[in-house]
Structure formats: structure tokens, C-alpha cells
Amino acid sequence: MSDLSYQELMDYCDGRTTPSRTREIEAMIAASYRLQQELRLLRSLDHGVRKDIPSPVPARFTQRVVSALQPSRQELFLYRIARSSSALFAMAMVLAVIGLAVGPDPVTGHPDRSLFSSAVSSFRTVYDGAAERVSGWTTMSLPSVSRSIHLPSGSSLIIGLAVFFLFILLDEMMGKRYHRQTFKR
Amino acid sequence: MSAEESDVIRRAADGDTRAYGTLVDRYAPNAMTLAMRMLKDRRDAEEALQDAFVRAFRALPGFERRAKFSTWLYRIVYNVCATMLSRRGEKDEFVRPEEDGEDAAAAIPSDDALPDAAMESGEFTHFVQEEIRRMEGRYSAILTMFLLQEMSYEEIMEVTGLPVGTVKNRLFRARMLLRAAVLKRFPEHSHGVIQ
């Protein structure tokens, strides 16, 4: 009937033919009632699709999505436990290091074999001086650190450090997960 | 992209869930339509849509403003639906590129009886819309993106990851399937063959 293919008719309908080809197609359509009917059918089909109503979104969908964005209580709880635990271990480790540094040698019992004896001694002197002054000014009595904290052996420090780094790792993992949940950059 | 939308996207990317809610309100209907066309099941489509919007929020800080937000979002919806189809064992036909259809180059035949007066009726339009819902997802999804959501070939390629030939072919086939269904359904309105 004509040299026009469906694909070309569709391209023409979609405005995707070149200007010269558009003129040729229009001439063919003008000369053929059949092509006019095909074009009309194609446009009616397209019109039917365009008039389609978008599928209804479920009720309260936006609220559901926003709720899904909040971190779950369980994850938040675990995250807080991990953070608190790691903080406690960090404190314990600081105390352990100070104890090892200023405490008596666990083998010889010699009080002066400190790892950081000069630094810790300075701290102890400054702290005790300040504590004495505060105690003098107020009725509050601050403890003295002149008595060293004692650690029975260095192995407990190693075990403590291992546990500490384990918690650091856990804290890091939970923290990343928490931040993914809260979507902060 | 308007300045207002750009601002909403920026706030949502910074973690503002209320701003993101605005985007969900705006894009959920079209995204839901795409999910329905692909999955053909309301419950699956709702699940996929929620998953897609949550994923999109997480990925929002990485969204490059050069692209249209809608195209970027629909790509996520498309991929989530494709994953769901994969679980059903139906993904392959969706993502496999196709050669141009042989019938695409064929000349328009002169012996089909066309539904004349019926084309103007509400029944005709309703039938067309029902037929899209029945059509295979790989065709109806492309047709919906092109005609209902007025996306260009390039945008459809970006959403689906399919080459232009496959996009054109599926669009062609979708229209031909609709045409065939209409000719079958409305023979009583045809006015006969006109050469």
C-alpha cells in the first residue's frame, strides 16, 4: 500500500523523524485514507496510555518510608551498650597503665620502677597539691593519689588491651551502622 | 531541576527526613506505576517501592545533580523490581537486550479492519488501559515510561540500562500488542478496508 513502515509512523507520531522525512510522510498520509486511519488509531492508543491514572500509592506510604528510615530501637540499644562498654574499658585501661607505671614492680615489689615515673610523679604532685587546696577551701575532701594503684601483673594489661581493641572495633562497626541508619554524611 | 527541588534534595541528603517525605509524596505515584507495570502484583510493588525509597535516601548523598532526580530514582525502583523479578526467576527476559523486531520495518498492511467510531469512546480508552496492565512487564514498563511519564529514549536507557535498539523495539512491540488487542476487541466498529 505504501512505503511507510509502522516504525516510521510511530517515529513520526513521536516527532522523531527528520524534517524532510516528515514532509514525505505527511504527503503519504494526506494521499491515503488508510494511513490517516492508522495514524488516528496510533494516536488513540497513545492517548489511552497517557490518560491512564497512576497506580494508587498505599495509604500513609510516606509515613511508612520515613519510619523505615529511623534506626531500630534494638540497634540503637546495642550501639549504646557498645559505646558505654568501650568508654568504660578505655577508662579501665588508662587506670591500668597508670597503675603499672606508678605501682610497685609486681616481681620485685620495688616502688620506683615506673614506666612513666617522672610524668606520673609530676601529675601526682600537681593533683595532690590541688586536692589539698580544694579541701582547704571547701568542706569537700578529695582523695589523694599518693598511694599507687596496683596491678598484679603485665598480662592483665595485655588481656585488657585486647578486650579494649575488640570493643573499639565493635564500636566502630556499630557506629557506622548507626550512622547509615540516621543518614548523616 | 527547580531551585526549590534542588534545596529539598540537598536537605534530604543531609538527613532531613521531612524534606525527603516531600520527595516521596511527589514521586511515589509514578514510581508505584512503574513498579506495578513491572511486577504485576500490588503487594510486591508496595514492598519494592518502600525498599527503593529507603535505598534512595541512603544513596542520596552520592546523587549527582547533573542527572534528573526522577530518572535517578526510577533507576533505583527499576533495579529493586528487577531484583524481585530475579527471585521469581523472571529477570532475564527483562534485562536481556533484544535485536530490532523483524516486523518493525514491515510496511503497514492494507487489509486490517480498523475500529473507527470506537476510538473516541471511553470504553476504548478503558480497554487500552486494562490491556497495558495485562501486557508483559518488559513492554508495558517501557510504554508507561515513554507515554505516561514522558521520558525520552535516553532517560529510559538510563533507567533500564538497555541499549537504544532494545528500548525502541520494546516500545514498538508494546504498541503493536495494543493495536492487535484493540482490533480483536472492537471488530464490530470497524468500517472495512480502505485502500
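Keeping to region A:14-35, report how many residues are at the interface with chain B (Cβ under 9 Å from one of its Cβ atoms) and either part of a strand (DSSP E or B) or not acidic (Asp, Glu) (or both).
5
Quick check: is even one residue across region A:46-59 assigned to a helix (DSSP H, G or I), in contact (Cβ under 8 Å) with a residue 24 or more places away in the chain and hydrophobic (A, V, I, L, M, F, W, C)?
Residues of region A:46-59 assigned to a helix (DSSP H, G or I): A:46-50.
Among the residues that remain, those that are also in contact (Cβ under 8 Å) with a residue 24 or more places away in the chain are: A:46.
Remaining after also requiring hydrophobic (A, V, I, L, M, F, W, C): none.
No, region A:46-59 has no match at all.
What single numbered condition from (1) surrounded by 17 or more Cβ atoms within 10 Å (Cβ to Cβ); (2) more than 9 Å from chain B (Cβ to nearest Cβ) fails to hold for A:ALA59?
Among (1) surrounded by 17 or more Cβ atoms within 10 Å (Cβ to Cβ); (2) more than 9 Å from chain B (Cβ to nearest Cβ), the lone unmet condition for A:ALA59 is (1).
Looking at B:ALA52, B:ALA12, B:ALA67 in this structure, which one is part of a loop (DSSP other than H, G, I, E, B) and on the phi < 0 side of the Ramachandran plot? Break it down stepwise before answering.
Values: B:ALA52 fails: part of a loop (DSSP other than H, G, I, E, B); B:ALA12 fails: part of a loop (DSSP other than H, G, I, E, B).
Answer to the check: B:ALA67.
Values in this text are rule-based calculations from the coordinates and carry no lab data. No experiment lies behind these values; they were computed from the predicted model shown. Note: ideal-geometry Cβ built from the backbone for every residue, glycine included; neighbour counts use all protein chains shown.
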